[in-house]
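**Student:** Handing you a structure now.
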Amino acid sequence: MNMKYKRYILTLLLMSIGLSQEMGMISGYIYDESSRETLIGANVYLSETAMGTATDSDGYFVILNVPKGEYELVVTYLGFGQIKNPIQVGIGESVTLNFELSPSLVELTTVDVSAQKLERKVNMQISRTNLNVRQLKSVPQLGEADLFRTLQSLPGVLTANDFSTGLIIRGGNSDQNLILLDGITVYNPSHVGGIFSNFILDAVKEADLLKGGFNAEYGGRLSAVLNVRSREGNQKHFKGKGSLSLLSAQSTMEGPIGKGAWLASGRRTWFDKVFEGTKLEFPYYFWDFQGHIFQDLTSNDRVSFSWYAGDDDLYWDEFELKGQWGNETYSLNYRKLFGRKLVSNFLLAKSRFDIYFGLGGDAGIGERDYISDLTARNDWTFFWFDKAQLKYGIELKDLEFVYTAEGFGETLFESKTATNEAAAYTKLKYWPSEKWMIEPGFRIGYYGNSKNHIFYDPRFSTKYLLTDTRYINFSIGIYHQFMETIQDDYNPNILDAWFAVDKSIEPASSEQIIFGYEEYFPYNIKVQIEGYYKTMNNILTFVDNRSTTDESISSTNLDSLVDAGDGYAYGGEFFLQKEIGRVNGWVSYAWSISRKELNGAEYFTNWDRRHVFNVIGNVVLPRSWSFNLKMTYQSGQPFTPILGYFYESLPGGSINDQAIRTIPGGRNSARYPNYDRLDIGFTKRFKYKQLSGEFFIQAINAYWAKNVFRYVYKFGSIYNGIDDDGDWDVKKHDENGNGLPDHGEINVDEADEGIPQKQIIHGLPIIPTIGFSIEF
């Protein structure tokens, strides 16, 4: 490089430094005026200029490279009033401004969304859905609003069955989703029966779902990320809310404390008490307790602590069935603002999950699973200049997994794994032009319990603006996962047991590519269309049809219990949403394929659905009433049919000792009937003196669609003296008067009783509920 060229580069560098010193900067926080909670995604811009941005997850904004002059600063947020504030920026001046927006009922029924373009421009929207609590509560639910049940109405998001709230996202099993509550992993975020997820919505600020293509700040999962953020609490005055329904009771309280606020929310189901002593008695209950507290040490320093604890308890004495499981998470976060352009978050968190299921008492069978996760994380965001933001960080995890299967007084299988996981990442958000944004990222991971300890995950996303309302999105990336649940191809999952990958099994990995188009119309209507393809390698599946309690397994390595297979998924999605107005909601459609390859055979996964159509609607009615509905129609999911059966006689056994063995068809080669369901609800808002609240009446599966949960086969005998097919009538056929069917009586031990008879276990029946909530 000659001297003349070096002088040219130096001159340009000095000119750029001098130019940046002449430019000003505007920064600050945007708050909710009623509670002083920060607002995420609020739009902040300078009127009649191209300069503007949106607040981040802390409610913080920075507008860089502002020339000297007088401006009108505009702040908008959906559902809140607008602020217009005149400001003056001097040469090289840093202006700090904080604003409080007032909730506005008018905003919910008018159309003024021009500023919403900013939030869409500055953030990568591919495969992303952000829902606030108002949207989540507008969906009919069972007793109370539930986060997972709402997410399952989005395109590409499914549930394994009626009795599970686990999320099946774009062909990946529920364990392939990273579920975060204030930065800490929640391993089993649902309760039995699938009626409730763990998160109490009155304590939730927002839920951000990334269905794929997530960048380098997230790792350890293959399919998706659900980032749930807690509400901070009301800094201005004490406030409370209580709700009561046929199924549960819930209470939330919040208020100011010192230079911050606190919030605590708890709930308990009580169907164990309501139906006690009746034919509907079900000896099960659960409770949740969730909260958040923070203090502002200075205007640049905030310390916050959040927690969640929950427990499920089931004991059915008649069947000697006992189940206990629960989650605990605690996270301590310190946010530090260095100057106005550099923000850092330090996180120390602990997550624990344990589960026990037993059948038959001490002499029966049981399974135990325990997870301990201690996490330290540090994230930095650098607002580099007006066309670039840099984010980077590190994460360290100390992990312990223990799984034990016991049977008839002995240990059948035991796996204990203690290991470490670590990662470092960086990503750059850069605008090469006003119409083009790129977001390259790179994550390097370490896992201590595998043959290869280092894993590289490059990621890349881009957005191109065709116009201010039409965008094209693209994403590609590599992902790794070091802890998994074991899939059972023959039986539906209700709860999952987690295993850490050991040296006998390679970690799971995925490569995925996504292409999308989005367009925004007047009246806040948007359309998103996306297509995706992804591979999934080293997915753990139970060996053949064997359960862990079938026989003792000598080895404690995972490869003695499972087969590692590969899979792939692809599909297309359509999403039409109207976010505000007297009529709002969305319509979604997804077409998808999800396949698995195991031991040379290829077949559909248990959760494959070819077509899924969903409608969510909310209508504001006169006299403070509202009506909401949720409708779904889905293709049936696969199952393995029985083609025939045969009798097996052991040497020396009698004819009464014959055992019936089935002849299965191809794995997941048949499908259950199509699934359809309609949920509806009515809500009435009321106010009395200082109290306000809601009365609601809802019906899940309103027209009682008899959807198939599972086929089971009842195997009888023509020699056992039992009415196996249920056609013996005590009034007509009880010849000896003992009230019981006996050998030799009519309709007992008939020829057809030796034939396996298919029986249907249905999903949820119609479930009506009624309740109310009161705020004070």
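**Student:** Tell me yes or no: at least one residue of the range 519-526 is open to solvent by less than 30 Å² (accessible area, probe 1.4 Å), touching a Gly at 6+ places or on another chain (Cβ under 8 Å), modelled with pLDDT under 85 and not aromatic (Phe, Trp, Tyr).
**Tutor:** Yes - at least one qualifying residue is present in the range 519-526.
**Student:** Based on this model, can you work out whether Gly763 counts as modelled with pLDDT of 80 or more, within 38 Å of the chain's Cα centre (by Cα) and surrounded by 16 or more Cβ atoms within 10 Å (Cβ to Cβ)? Give the steps one after another, and end with the answer.
**Tutor:** Working: modelled with pLDDT of 80 or more: yes; within 38 Å of the chain's Cα centre (by Cα): yes; surrounded by 16 or more Cβ atoms within 10 Å (Cβ to Cβ): yes.
It is true that Gly763 is modelled with pLDDT of 80 or more, within 38 Å of the chain's Cα centre (by Cα) and surrounded by 16 or more Cβ atoms within 10 Å (Cβ to Cβ).
**Student:** Can you pull out the residues in the range 687-703 that are more than 18 Å from Ser773 (Cβ to Cβ) and loosely packed, with under 14 Cβ neighbours inside 10 Å?
**Tutor:** Tyr703
**Student:** If you don't mind, another one. Name the residues in the range 616-636 that are closer than 30 Å to Asp489 by Cα, touching a residue at least 60 places away in the same chain (Cβ under 8 Å) and either of a type outside the set (Gly, Ala, Ser) or open to solvent by 50 Å² or more (accessible area, probe 1.4 Å) (or both), would you?
**Tutor:** First, pick out the residues of the range 616-636 that are closer than 30 Å to Asp489 by Cα: 630-636.
This time we only want the ones that are touching a residue at least 60 places away in the same chain (Cβ under 8 Å), so: 630, 632, 634, 636.
Hits for the range 616-636 are Lys630, Thr632, Gln634.
**Student:** Any chance you could count how many residues in the range 503-518 are open to solvent by 20 Å² or more (accessible area, probe 1.4 Å) and modelled with pLDDT under 90? Show your work before the answer.
**Tutor:** To start, the set of residues in the range 503-518 that are open to solvent by 20 Å² or more (accessible area, probe 1.4 Å) comprises 503-504, 506, 509, 511, 513, 515, 517.
From what is left, the residues that are modelled with pLDDT under 90 are 503-504, 506.
Number of matching residues: 3.
**Student:** Another one. Which condition from (1) open to solvent by 50 Å² or more (accessible area, probe 1.4 Å); (2) within 15 Å of Gly219 (Cβ to Cβ) is the one that Phe382 breaks?
**Tutor:** If we test Phe382 against (1) open to solvent by 50 Å² or more (accessible area, probe 1.4 Å); (2) within 15 Å of Gly219 (Cβ to Cβ), just (2) comes out false.
**Student:** Taking the conditions exactly as written (open to solvent by 10 Å² or more (accessible area, probe 1.4 Å), part of a loop (DSSP other than H, G, I, E, B), within 25 Å of Ser102 (Cβ to Cβ) and not aromatic (Phe, Trp, Tyr)), does Lys236 satisfy them or not? Give the steps one after another, and end with the answer.
**Tutor:** Working: open to solvent by 10 Å² or more (accessible area, probe 1.4 Å): yes; part of a loop (DSSP other than H, G, I, E, B): yes; within 25 Å of Ser102 (Cβ to Cβ): yes; not aromatic (Phe, Trp, Tyr): yes.
Here the answer is yes, as Lys236 does meet what is asked.
**Student:** May I pose another question? Does Arg661 meet the test of being over 28 Å from Ile766 (Cα atoms), in a strand (DSSP E or B), modelled with pLDDT under 90 and not acidic (Asp, Glu)?
**Tutor:** Numbers: over 28 Å from Ile766 (Cα atoms): yes; in a strand (DSSP E or B): yes; modelled with pLDDT under 90: yes; not acidic (Asp, Glu): yes.
Here the answer is yes, as Arg661 does meet what is asked.
**Student:** Would you confirm, using the coordinates I've provided, whether Val133 is in contact with a Phe, Trp or Tyr (Cβ under 9 Å, 6 or more places away or on another chain), surrounded by fewer than 21 Cβ atoms within 10 Å (Cβ to Cβ) and at pLDDT below 80?
**Tutor:** Numbers: in contact with a Phe, Trp or Tyr (Cβ under 9 Å, 6 or more places away or on another chain): no; surrounded by fewer than 21 Cβ atoms within 10 Å (Cβ to Cβ): yes; at pLDDT below 80: yes.
In short, no.
**Student:** What is the number of the single condition among (1) under 22 Å from Arg335 (Cα atoms); (2) open to solvent by 20 Å² or more (accessible area, probe 1.4 Å); (3) out of contact with any Asp or Glu (no Cβ under 8 Å at 6 or more places or on another chain) that Arg229 does not meet?
**Tutor:** The single condition Arg229 does not satisfy is (3).
**Student:** Output the residues belonging to the range 144-186 that are acidic (Asp, Glu) and under 13 Å from the mean Cα position of the chain (by Cα).
**Tutor:** Looking only at the range 144-186, we keep the residues that are acidic (Asp, Glu), and these are 144, 146, 162, 175, 182.
Answer for the range 144-186, where residues must be acidic (Asp, Glu) and under 13 Å from the mean Cα position of the chain (by Cα): Asp146, Asp175.
**Student:** Further question on the same structure: Can you tell me which residues in the range 162-199 are open to solvent by less than 10 Å² (accessible area, probe 1.4 Å), among the aliphatic types (A, V, I, L, M) and in contact with a helix residue (DSSP H, G or I) (Cβ under 9 Å, 6 or more places away or on another chain)?
**Tutor:** Leu167, Ile168, Ile169
**Student:** Please give the strands (runs of 3 or more DSSP E) falling wholly within the range 398-482 in which 3 or more residues are surrounded by fewer than 18 Cβ atoms within 10 Å (Cβ to Cβ) and touching a residue at least 40 places away in the same chain (Cβ under 8 Å).
**Tutor:** Numbers: elements: 410-433, 436-447, 454-465, 470-481.
Strands (runs of 3 or more DSSP E) meeting the threshold: 410-433, 470-481.
**Student:** Oh, and also: Take the residues in the range 261-308 that are at pLDDT below 95 and among the small types (Gly, Ala, Ser), then tell me which one is surrounded by the fewest Cβ atoms within 10 Å (Cβ to Cβ).
**Tutor:** Gly277
**Student:** For Phe286, state whether it is among the aromatic types (Phe, Trp, Tyr) and free of Cβ contacts under 8 Å to residues at least 24 places away in the same chain. Quick ask: steps written out before the conclusion?
**Tutor:** Values: among the aromatic types (Phe, Trp, Tyr): yes; free of Cβ contacts under 8 Å to residues at least 24 places away in the same chain: no.
So Phe286 fails the test.
**Student:** From the list Arg352, Arg368, Arg340, which residue is of a type outside the set (Asp, Glu), open to solvent by 40 Å² or more (accessible area, probe 1.4 Å) and outside any strand (DSSP E or B)? Working first, answer last.
**Tutor:** Details: Arg352 fails: outside any strand (DSSP E or B); Arg368 fails: outside any strand (DSSP E or B).
Just one listed residue meets the conditions, Arg340.
**Student:** Next question, about the same structure. Is it true that Tyr719 is modelled with pLDDT of 85 or more and either open to solvent by 60 Å² or more (accessible area, probe 1.4 Å) or in contact with an Asp or Glu (Cβ under 6 Å, 6 or more places away or on another chain) (or both)?
**Tutor:** Values: modelled with pLDDT of 85 or more: no; either open to solvent by 60 Å² or more (accessible area, probe 1.4 Å) or in contact with an Asp or Glu (Cβ under 6 Å, 6 or more places away or on another chain) (or both): yes.
No; evaluated as a whole, the condition is false for this residue.
**Student:** Provide a single number: the residues in the range 728-755 that are surrounded by fewer than 14 Cβ atoms within 10 Å (Cβ to Cβ), within 51 Å of the chain's Cα centre (by Cα) and part of a loop (DSSP other than H, G, I, E, B).
**Tutor:** Going through the range 728-755 one residue at a time, the tally reaches 1.
**Student:** Say we look at the range 386-397 and pick out the residues that are open to solvent by 50 Å² or more (accessible area, probe 1.4 Å) and modelled with pLDDT of 90 or more; which of these is nearest to Thr53 (Cα to Cα)?
**Tutor:** To start, the set of residues in the range 386-397 that are open to solvent by 50 Å² or more (accessible area, probe 1.4 Å) comprises 386-387, 391-392, 394, 396.
Of the ones still in play, those that are also modelled with pLDDT of 90 or more are 391-392, 394, 396.
Details: Lys391: 17, Tyr392: 20, Ile394: 26, Leu396: 32 Å.
The qualifying residue nearest to Thr53 (Cα to Cα) is Lys391.
The values are calculated or read from the model by the stated rules, or taken from the named source; none is laboratory data. Computed from a predicted model, the values in this text were never measured in an experiment. Don't worry about glycine lacking a Cβ; one is built from the backbone with ideal geometry, like all the others, and counts go over all protein chains shown. For the accessible areas, the whole protein counts, side chains as well, though only heavy atoms, and no ligand, DNA or RNA atoms are used. Shrake-Rupley method; radii C 1.70, N 1.55, O 1.52, S 1.80 Å.
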